[in-house]
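Participant: First the structure, which I've put down as structure tokens, then a few questions once you've had a look.
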Amino acid sequence: MPSTSIAEELAKKQREISVSEFFERNKQILGYDSPTKALLTVVKEGVDNSLDAAADADTLPDIFVEVRKVDKDEFLVIVEDNGPGIVRKEVPNVFGRLLYGSRFHSRRQSRGQQGLGISGAVMYGQVTTGKATKITSKVEEEDVAYQVELIVDTKKNMPSKVREDRVVYERTHGTRIEIPLRGRYVGGKQSIPEYLKATAIVNPHARITYRSPEGESTVFERATEDLPPKTKEIPPHPHGIELGTLMQMMKETKSYKLGAFLEEEFVRVSSRVAKEICEAAALDPEVKPKSLGLEQANALHEAMQSVKLMAPPTDCLSPIGERLIKKGLKNVLGSLRPEFYAPPLTRDPAVYAGNPFQVEVGIVYGGDLPPDQPVEALRFANRVPLIYQAGGCALTQAVANVDWRRYGLEQRGGQGLPFGPAIVLVHICSTKIPYTSEAKEAVATVDEIMTELDLALKECGRRLKTHLTKKAHRAKTREKFDIVQLILPRIAEKSAKIVNKKVPTLDATITKIMGVVWIDEAIAYDKKQKRHTVTINVHNFTSAGKKLNLHLLLPRGMEAKSFDPKPAEVRDDGKITWELKRVDSVAKSSITFVLDGLDEAEYDESDVYVSGINPGLVIGAEPLPGDWELNYADFEAEEAPTPEAEEEGEIDYDEAEEALEDD
Amino acid sequence: MTKKKAATPTPEANKAVDALYGIAEQVYEELDGGQIPKMKIPLRTKANIRFDTKHSVWKYGSLMGVRSAKKLKGALMLLRTMHVLEFIRDMIRENKSSTLREMYYISEGWDIAKFHAQEESNFLAEDLEVITQLLREDFKLRPEESGASVIGNVTLEEITRNGERKRINCRDDVGDAGYTIPYNVEKEKVKFIEADAKFVLAIETGGMFDRLVENGFDEDAKCVLVHLKGQPSRSTRRLLKRLNEEMKLQVATFTDGDPWSFRIHASVAYGAIKTAHISEYLATPTAEFVGITASDILNYELPTDALTPRDVGALNAEMTDPRFKDEFWKNEIQTMLQINKKAEQQALAKYGLDYVTDTYLPEKLGPLGLM
């Protein structure tokens, strides 16, 4: 991969120059170009390292991060994890050798090391403070932990131990690293706590504890006990390969024949395709790959791009998934009490230039989020938060390109970041993220990616809009509920008392005021049994009996049971249909079912649809969409919804008042 | 509360009870007939005031609004109306009365129907006046505030709380604060005996009222000074009207120079929008304005404050207020918007404490033939 090969180049080069010069020359790429960024980069390298360690060992990560102020501009960054620990002899290599044991040639979705990884952080620390980094690591088989203080011997790219020891360590296994460095601590959107918060959202299986320089602790509890699926490694696809990497592969391959090389080291290349490529490049399939010169490699590369191929397999990607995005958002942003988490959306995988990728979008709305600010776009690439370069990032641009006014947010001129109480999460995962630069701070605008992002954002936006529309309908009807349930009976009672007659029946008046069929969903949760009991009520507030069909779409992957009454149909994809008996005027009909084994926050509502009734009369459910593949949509011609309020020319007395200020 | 008397309902009380019963009955009948209860009320807005040529005051026109239980606010007001009807009926039966403020507090016990501000309850009381064409006094409701004060050579007779007739000269028998106007100034309570004065000067602020008293303006100019205390209450306006009609005294209003003061004059002279249903009892159509105008701000070079956005809004509202549509007001309102300034009447003190009595008022009242 080109980015890593450049890093390798850097590593080679740095033998010839001093370390501080090396950092100075390459600070943009390495993420150490300002004291503020350097501090965050060191924390990032530590946290990435810890998440990877836990992932390798199939453990749920429990990570502790502390930033301690040592002096005016000197800090100590401590990152501790519950990973498997590192065996004694490997510890110096992992932390004291640049690019040792990293994921260079793997072609899977990985966190994507920034610059030089954890040893780069160690080196930055030693350059800016002259101090060594302390590492304590314990593996389960040992009784005590191994502790070492080391620096990187930059001439040899070898660790140089300053001190080593065996110490008692409270965890059964894990690693703790303490890096001293010069930096600057800031608050705001690009701060360490914000970075950790974002990390916690997309790693809902991790517990992250943070202690700030002021000594305040924040814990991001894990929201799930499920580990993310391991990513599979796949060989590269000919369409995505770059010339340099191709040449590197030809140099290192064990194949003796070009045809075999192509067939074995790339996906979607059959022997027929390999032959086709060789023909197009005018090369002999029997030739030894190692013997090819630059010109021939170039021809081969061009030929590889020109042949028709199947798209790469996409099962090597590991999206966060709709359920876990929602969980992660709820877990971390719950204190803002958002009124709505738009069901997140994970698009099917797609391909750009031979690289599989997948995008995911989630929207959080309302609650304590500021209503008059631009929405916050949380950007992630392969589960890593992107903090800098928001303006030049495809993920931000995709958000800005959507006309959010259609989806209920304010936006000047239908472009740019919308305003409103919302946070938009955008995640892209790929075996190769197309970054705008080596600094890996922003994603480049690639057409295929922009298209996928646009579709995902719009779909999620529609889900938000549906919620807002439903809410507006409900608020209006809720008001009518108050009228008919609270106020009207009391007007009746009082007026009857004054005129000294019996209290009148209100049914006819109630249906005149309401004129709707109201559908709502009530959820009860039993913590012990992990059971949701869902009740859907159908209130008929119209003047005649109503017969209708109710359709429910359960969120993906959920299974309901104990239905009462029995549905007419239950489908595997979560579609359930009831043919309800006639509901009399001013009567109520209810449906119940249970969902087992979910956390309380995992279920909040289903999409409810109706058919066989004029949908204009129904509040709280949408008309059955065409793609339901059912023939329920017809309904007998019947009364139209009650015309809206005012009769011709009637003025609402209580809305006509004006500030008079004249006694 | 007044003392209990024998419960023999007066004809007025019967009329009030009948009117209230009629309102409740209509709501009941609508509910019983399966209809949505509603109530038609003349709109109490500036768009619905018309000049009544008979009385030369502004009264409500024929535009009607509907208060319907279809809307949350309307339903709530109808429920409150039922509570108020019951409350008033009970007071009439028991021969009690209450202040508007007491009714506001009584509503605490009405649960969701309770009033959230006293303006709401006052407004509803006025609604009942408009609907029944009775006065709130008929409903045993009275304002809690005492009226404003009077200083000047007027002699009147007031029936005291002990039922005695007490003769008061508003110059000789009172302290510097003057005679306090009671909430009821109808003939059965206050009777004018004689007045030795040329006109009545109605003053907006207490500071200016005190200045004129200290300078002895009532005696020098042979006038009766009335302190309006800002936007004058019904009883103050009624008293001005009676002094004008019965004692043949010209009324002049002397106010600050800002949009709110213009409205004070309008309510004294033309009738207030909120009480347009009884303008013929409250308004004095011949009243003259001698308060600070926008032209005065320029001509007298008075110290000023900038208009606030609320002030500007009020002036713009006055531009479409039919009561202000004559040339004089149009010019003054436009000028004030142009110079974007307002001034207090006490700003005249720029030229000394006697300037208002020696120069300003004579210059204003002279052309009116009052000085």
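The values are calculated or read from the model by the stated rules, or taken from the named source; none is laboratory data. What you see is a predicted model; the values in this text were computed from it and never measured. Virtual Cβ from ideal backbone geometry, glycine too; neighbours counted across all protein chains shown. To get the accessible areas, we keep the full protein, side chains included, count just its heavy atoms, and leave off ligands, DNA and RNA. Shrake-Rupley method; radii C 1.70, N 1.55, O 1.52, S 1.80 Å.
Participant: Summing +1 for each Lys or Arg and -1 for each Asp or Glu, what net charge is found among the other residues whose Cβ lies under 9 Å from the Cβ of A:VAL426?
Facilitator: Taking every Cβ under 9 Å from that of A:VAL426, the sum is 0.
Participant: For segment B:223-262, list residues with backbone N below 16 Å from a point placed 7 Å from the Cα of B:LYS350 toward its Cβ?
Facilitator: B:256-258
Participant: Let me ask another. As an exercise, use a Förster radius of 25 Å and the Cβ-Cβ distance of B:ALA177 and B:ASP220 to find the FRET efficiency, rounded to the nearest 0.05.
Facilitator: Plugging the Cβ-Cβ distance into 1/(1 + (r/R0)^6) gives 0.80.
Participant: Nearest 0.05, what FRET efficiency do B:LEU298 and B:ARG50 give at R0 = 30 Å with Cβ-Cβ as r?
Facilitator: Efficiency at R0 = 30 Å is approximately 0.30.
Participant: Between the chain alone and the structure with every protein chain in place, find the residues of segment A:490-535 that drop at least 40 Å² of accessible area; heavy atoms, 1.4 Å probe.
Facilitator: A:ARG490, A:ILE491, A:LYS494, A:SER495, A:ILE498, A:VAL499, A:LYS501, A:PRO504, A:THR509, A:LYS512, A:ILE513
Participant: Looking at chain B only, what percent of DSSP beta bridges run antiparallel? Nearest 5 please.
Facilitator: Rounded to the nearest five, the antiparallel share is 65 percent.
Participant: I would also like to ask the following. Give the interface area between chains A and B as buried accessible surface, both sides summed, probe 1.4 Å, in Å² to the nearest 100.
Facilitator: In total, this chain pair buries about 4500 Å².
Participant: Computed from the mean reciprocal separation of all distinct C-alpha pairs, what Kirkwood hydrodynamic radius does segment A:505-623 have, in Å?
Facilitator: Hydrodynamic radius (Kirkwood, Cα only) of segment A:505-623 equals 15.0 Å.
Participant: So what's the gap between the Cα centers of segment A:343-403 and segment A:486-536, to the nearest angstrom?
Facilitator: After rounding, the separation between the Cα centres reads 43 Å.
Participant: For segment B:344-361, take each phi angle, set θ = phi - 60°, evaluate the Karplus expression 6.51 cos²θ - 1.76 cosθ + 1.60, and give the result in whole Hz per residue in order, putting x for glycine and proline.
Facilitator: Residue by residue, segment B:344-361 yields 8, 5, 6, 4, 4, 5, 3, 9, x, 5, 8, 4, 5, 8, 7, 10, 4, 5 Hz.
Participant: Which of the listed residues, B:ALA47, B:LEU124, B:ALA16, is farthest toward the dipole's positive end in chain B, when Lys, Arg count +1 and Asp, Glu count -1 at the beta-carbon?
Facilitator: Ranked along the dipole, the leading option is B:ALA16.
Participant: Could you pull out every one of the aspartates and glutamates with an alpha carbon less than 13 Å from that of B:LYS54, ignoring same-chain neighbours closer than 8 positions?
Facilitator: B:GLU280
Participant: Beyond 24 Å between alpha-carbons counts as too far, so tell me which of B:LYS229/B:LYS325; B:LYS15/B:LYS71; B:LYS274/B:LYS325; A:LYS27/A:LYS189 fall in that bin.
Facilitator: B:LYS229/B:LYS325; B:LYS15/B:LYS71
Participant: Now for a different question. Tell me, which longest segment in chain B has none of the trypsin sites (Lys or Arg not before Pro) that fall in DSSP loops with at most 12 further Cβ atoms within 10 Å?
Facilitator: Longest run free of exposed loop sites: B:55-160.
Participant: With a ≥ b ≥ c the root eigenvalues of the C-alpha gyration tensor of segment A:238-306, is it rounded (a/c under 1.5), prolate (a/b larger than b/c) or oblate?
Facilitator: rounded
Participant: Please state the shape class of segment A:19-220: rounded when a/c is under 1.5, otherwise prolate if a/b exceeds b/c and oblate if not, all from the C-alpha gyration tensor.
Facilitator: Rounded is the answer for segment A:19-220, as its axis ratio a/c remains below 1.5.
Participant: Looking at the protein assembly as shown, send over the antiparallel percent of its DSSP beta bridges, to the nearest 5.
Facilitator: Of all bridge pairs located within the protein assembly as shown, approximately 80 percent are antiparallel.
Participant: Probe of 1.4 angstrom, ligands and nucleic acids ignored: what's the accessible area per residue over chain B, in square angstrom?
Facilitator: Each residue of chain B exposes 43 Å² on average to a 1.4 Å probe.
Participant: Take chain B, connect every pair of alpha-carbon atoms lying under 10 Å apart with a spring to form a Gaussian network, then pick out the residue of B:LEU201, B:LEU76, B:LEU315 with the largest mean-square fluctuation.
Facilitator: Evaluated over chain B, the most mobile residue of the options is B:LEU76.
Participant: Right, another one. Extent of the protein assembly as shown along each principal axis, from alpha carbon coordinates, in Å, largest to smallest?
Facilitator: Extents along the principal axes: 129, 78, 61 Å.
Participant: Where the only charges are on Cβ atoms (+1 Lys, Arg; -1 Asp, Glu), what is the dipole of segment A:464-514 about its Cα centre, to the nearest 20 debye?
Facilitator: The calculated dipole for segment A:464-514 is roughly 180 debye.
Participant: Another question, then. Output the residues of segment B:78-104 meeting this criterion: accessible area (heavy atoms, 1.4 Å probe) in the chain alone minus accessible area with all protein chains in place is 40 Å² or greater.
Facilitator: B:LEU79, B:MET82, B:GLU86, B:ARG89
Participant: If you average the alpha carbon positions of segment A:30-46 and of segment B:297-359, how far apart do those two centres end up, in angstrom?
Facilitator: Taking the Cα centre of each part, segment A:30-46 and segment B:297-359 sit 64 Å apart.
Participant: Continuing with the same structure: Keeping every protein chain present and rolling a 1.4 Å probe, give me the accessible area per residue for chain A in Å².
Facilitator: Spelled out: the 1.4 Å probe surface of chain A, per residue, equals 46 Å².
Participant: Right, here's the next one. Projecting each Cα onto the charge dipole of segment A:505-623 (Lys/Arg +1, Asp/Glu -1 at the beta carbon, about the Cα centre), which of A:LEU595, A:GLY616, A:GLY557 comes out farthest on the positive side?
Facilitator: The residue sitting most towards the positive pole is A:GLY616.
Participant: May I ask which residue of A:VAL144, A:HIS205, A:PHE95 lies farthest towards the positive end of the charge dipole of segment A:19-220, with charges of +1 (Lys, Arg) and -1 (Asp, Glu) on Cβ and the Cα centre as origin?
Facilitator: Positive-most Cα among the choices belongs to A:PHE95.
Participant: Which loop-located trypsin sites (Lys or Arg not before Pro) does segment A:204-305 contain, where loop means any DSSP state but H, G, I, E or B and the Cβ has at most 11 other Cβ atoms within 10 Å?
Facilitator: Filter output for segment A:204-305: A:LYS230, A:LYS254.
Participant: For segment A:322-465, taking Cα atoms only, what is the radius of gyration to one decimal and the Dmax to the nearest whole Å?
Facilitator: 14.3, 43
Participant: A further question on this structure: For chain B, modelled as a Gaussian network with Cα springs under 10 Å, which listed residue fluctuates most, B:GLY230, B:GLY271, B:GLY313?
Facilitator: With Cα springs under 10 Å in chain B, the top fluctuation among B:GLY230, B:GLY271, B:GLY313 is at B:GLY313.
Participant: Answer rounded, prolate or oblate for segment B:325-371, using the Cα gyration tensor with square roots of eigenvalues a ≥ b ≥ c: rounded when a/c is under 1.5, else prolate when a/b is larger than b/c, else oblate.
Facilitator: oblate
Participant: Can you tell me the dipole magnitude for segment A:322-465 around its Cα centre, using point charges on the Cβ only (Lys, Arg +1; Asp, Glu -1), in Debye to the nearest 20?
Facilitator: 400
Participant: Then there's this: How big is the dipole moment of the protein assembly as shown about its Cα centre under a simple scheme where the beta carbon of each Lys and Arg is +1, that of each Asp and Glu is -1, and everything else is neutral? Debye, nearest 20, please.
Facilitator: Dipole about the Cα centre, nearest 20: 1560 debye.
Participant: Identify which of B:ASN331, B:ASN299, B:ASN153 has the largest mean-square fluctuation in a Gaussian network model of chain B, with springs joining Cα atoms closer than 10 Å.
Facilitator: B:ASN299
Participant: Moving on to the next point. Roughly how many percent of the accessible protein surface of the protein assembly as shown is carbon and sulfur, given a 1.4 Å probe and a whole-percent answer?
Facilitator: Solvent-exposed carbon and sulfur of the protein assembly as shown make up 48 percent of the total.
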